[in-house]
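All remarks here apply to the structure that follows.
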There are 2 protein chains.
Amino acid sequence: MIQSVQRAAQILVVLGSGTPRLGVTEIADRLGLAKPTVHGLLRTLEAHELVAQDPDTGKYSLGPGVLQLGNAYLDGSDLRARSLRWAESLAQQANEAVWVATLSGSRVIVLHHVFRPDNTVQILEVGAAIPWHACALGHAIVANLPASQRAQALAADLAPLTGRTKTTRNALTRALAQVRSAGYAIENEEATVGDAGIAAPILSRDDLVAGAIGVVGSADRLLAAGARDELVRAVVAAARAVSRDLGAGRGGVSLSVL
Amino acid sequence: MIQSVQRAAQILVVLGSGTPRLGVTEIADRLGLAKPTVHGLLRTLEAHELVAQDPDTGKYSLGPGVLQLGNAYLDGSDLRARSLRWAESLAQQANEAVWVATLSGSRVIVLHHVFRPDNTVQILEVGAAIPWHACALGHAIVANLPASQRAQALAADLAPLTGRTKTTRNALTRALAQVRSAGYAIENEEATVGDAGIAAPILSRDDLVAGAIGVVGSADRLLAAGARDELVRAVVAAARAVSRDLGAGRGGVSLSVL
DNA sequence: AATGTTGTTCGGTATAGCTGAATGTGTGTC
DNA sequence: GACACACATTCAGCTATACCGAACAACATT
């Protein structure tokens, strides 16, 4: 583990979490480093446009370079590329917003977002990070992880986002077993009050989970007696289609899910 | 300049340019470094999810962390936050796609993108990087840069994207002078065949140029005799509005542009 | 005007990371 | 099926590198 790179990455994370503009001293304090050390790292990151310094205040923030890299990541993502087509048709079919996501550490990050096909103004959530334990996408992914990685995910902090967020390891383990046997996950106001989600896992070659696809929207609509089962069917079908595109299903233990 | 961080940043750039998946050897060759050096850097970046290794092939690609950072950058961007509202109304008024961009090195990167308000399927271009010399947004920004930075921009490589891209320093210098005096920039099929752009600079406090806003779309529509002048007026008005929101116009040399 | 901040520069020192050679693993070829 | 190649990875020694404490300069506040 290369120390200076490690520290540079920590700086980027700190600048990306919450407060958008920080001074050298504050960053140094948060990371427990000497001021000149942080300064040198910042200057190097600045040269690559990964951070930018406000000429007036002297404070630092993330730079445009990280956005470019984020875009390049999306361009190179197989999962995203293969899901574009199916996400679009799922959104039409379900008449709901569709998200495609993958796991990063203990958070689920949104790779693709199709707006609900009404004409309301919606915020694009691509790049957003959501604690895995609070959303259907996260449950769908973690439930299908190899046991060791699943344990690791359960070891993360399980802070509640709403009053209904599952936060105990027991409740989550039970929910995951349920997700694994059913082949899909349902979340009801565990991430955002009023919103629910239905998601199913996407498998890649070797039948490892690569991510998940699902619908997100008003709990009233998604979980209504008539709509729920049909949405589940559509989501599972979309997940299977993307998995097939990625080359999954050629032998392996999880075939029954497909 | 901290060497290892510098090299780590170069690795990220290489992984973000073109080929999405590269092996250790190939990266080492491109950067002129020893294989184990690159390996160590990659392992460190991997620990922070900035790169990811394909478990099958062993090759490396950018990781989900960079997407999270890109999203955090957008969340913290004043320019973007202030332009959301005005971009939306400009798109309605012009009935064209609207882009807001800022300069990063010799490229313009798209911070916000409002789709053209017809119901066609469009690709979101947020995070896309375009050589500044090939688009109206770039001309609008560079024309209003301090002379030293403008010279630096003109020193970059000016590769043509279409047959109409301006590539000589003379032609560009002339175009920029024109943009500076007119207060807006027009580009006709210089970036993409069939597409044109109209853009105006956004100024921040101290009347430094912070970015640009403009419309992009079919050259036939944008440059039609009847439409052109009205679009220019709308774009310039939107740029002024955002500039005002950012606090520009309190004294300074560029007031006439406003 | 004085004092507390801030971001920045400098130079010595110890450590951290670079390099070359060697290992292990999988792939393509004869 | 055995070979050779290419690849990612590991190791150990040396050197260069990046860290830190202290001092500086600019600024805002009192």
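Below, the figures for the structure above:
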read-out: Criterion violated by A:Leu74 - all others in (1) within 7 Å of another protein chain (Cβ to nearest Cβ); (2) assigned to a helix (DSSP H, G or I); (3) under 17 Å from B:Ala9 (Cα atoms) satisfied; value: (3)
read-out: Any hit, the range A:8-21, residues being surrounded by fewer than 17 Cβ atoms within 10 Å (Cβ to Cβ), more than 7 Å from every other protein chain (Cβ to nearest Cβ) and within 12 Å of DNA strand D (Cβ to nearest atom); value: no
read-out: Residues of the range A:106-130 satisfying the condition of being of a type outside the set (A, V, I, L, M, F, W, C) and free of Cβ contacts under 8 Å to residues at least 60 places away in the same chain; value: A:Ser106, A:Arg107, A:His112, A:His113, A:Pro117, A:Asp118, A:Asn119, A:Thr120, A:Gln122, A:Glu125, A:Gly127
read-out: Test: A:Leu103 is more than 7 Å from every other protein chain (Cβ to nearest Cβ), on the phi < 0 side of the Ramachandran plot, in contact (Cβ under 8 Å) with a residue 40 or more places away in the chain and in a strand (DSSP E or B); value: yes
read-out: Close pairs (6 angstrom Cβ cut-off, 6 or more residues apart or separate chains): more than 23 Å from A:Gln10 (Cα to Cα) in the range B:21-47, surrounded by 15 or more Cβ atoms within 10 Å (Cβ to Cβ) and of a type in the set (Gly, Ala, Ser) anywhere; value: B:Arg21/B:Ser61; B:Lys35/B:Ala28
read-out: Those residues of the range A:51-68 which are touching a residue at least 12 places away in the same chain (Cβ under 8 Å), at the interface with chain B (Cβ under 8 Å from one of its Cβ atoms) and aliphatic (A, V, I, L, M), in sequence order; value: A:Leu62, A:Val66
read-out: Matching option when the condition is farther than 23 Å from A:Gln68 by Cβ and in contact with a Lys or Arg (Cβ under 9 Å, 6 or more places away or on another chain), among B:Ile202, B:Ile186; value: B:Ile186
read-out: Condition check for A:Ala177: in a helix (DSSP H, G or I), loosely packed, with under 14 Cβ neighbours inside 10 Å, without any contact (Cβ under 8 Å) to a residue 12 or more places away in the chain and out of contact with any strand residue (DSSP E or B) (no Cβ under 6 Å at 6 or more places or on another chain); value: no
read-out: Residue ID - surrounded by the most Cβ atoms within 10 Å (Cβ to Cβ), chosen from residues in the range B:27-57 that are among the acidic types (Asp, Glu) and within 15 Å of DNA strand C (Cβ to nearest atom); value: B:Glu46
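Computed from the coordinates by the stated procedures, all read-outs in this text should not be read as laboratory data. Keep in mind the model is a prediction, meaning the values are calculated, not measured. No Cβ is skipped: glycine too gets one built from the backbone with ideal geometry, and neighbour counts run over all protein chains shown.
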